[in-house]
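The values are calculated or read from the model by the stated rules, or taken from the named source; none is laboratory data. These numbers come from a predicted model, not from an experiment. Here Cβ is always computed from backbone atoms with ideal geometry, including for glycine, and neighbour counts include all displayed protein chains.
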Amino acid sequence: MKLTIVAGDAGGATTVALSGEIDLATASELETKVESLVAEGTNRLVVDLHDVSFCDSTGLNALVRARNRCVAAGGWLRITRPVGEVAEVLRISGLWERLAAGEVASGEA
């Protein structure tokens, strides 16, 4: 399955709405989009996971790397609205609390 990424301004931050799967085949698309946004001067991202149906370890790492890129640019990244198995994977990995609050240190995941 493919990953769809839609970014839009949300007053002080940019919302990045994802739908589909974040896995080995699609994680680079997310990282490329975040790189592009940061290069354009956007460093505060809210990543909406409501329509993500699957996220594997590659996807988790992509989220952490995206967060680290935003922090390196003086901003932050927060995730919101995960559902189903994606929410469970985030909770089990410990990333839900950290990414929802924007608190993952470099190299963790």
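Which one of Val38, Val47 is in contact with a helix residue (DSSP H, G or I) (Cβ under 8 Å, 6 or more places away or on another chain), at pLDDT 95 or above, β-branched (Val, Ile, Thr) and in a strand (DSSP E or B)?
Val47
Looking at Val38 and the list (1) within 19 Å of Ala10 (Cβ to Cβ); (2) buried (at least 21 other Cβ atoms within 10 Å of the Cβ), which single condition is not satisfied?
Looking at each condition in turn, Val38 falls short on (2).
Can you name the number of the only condition in (1) assigned to a strand (DSSP E or B); (2) at pLDDT below 95; (3) not aliphatic (A, V, I, L, M) that Gly11 fails?
Result: Gly11 passes all but (1).
Need pairs with beta-carbon distance below 7 Å; first residue small (Gly, Ala, Ser) and within segment 23-51, second in a helix (DSSP H, G or I); sequence gap 6+ or separate chains.
Ala27/Thr58; Ala27/Gly59; Ala27/Ala62
For segment 72-109, what are the residues that are in a helix (DSSP H, G or I), modelled with pLDDT of 95 or more and closer than 19 Å to Lys33 by Cα?
Ala72
How many residues does segment 18-61 hold that are more than 12 Å from the chain's Cα centre (by Cα) and of a type in the set (S, T, N, Q)?
6
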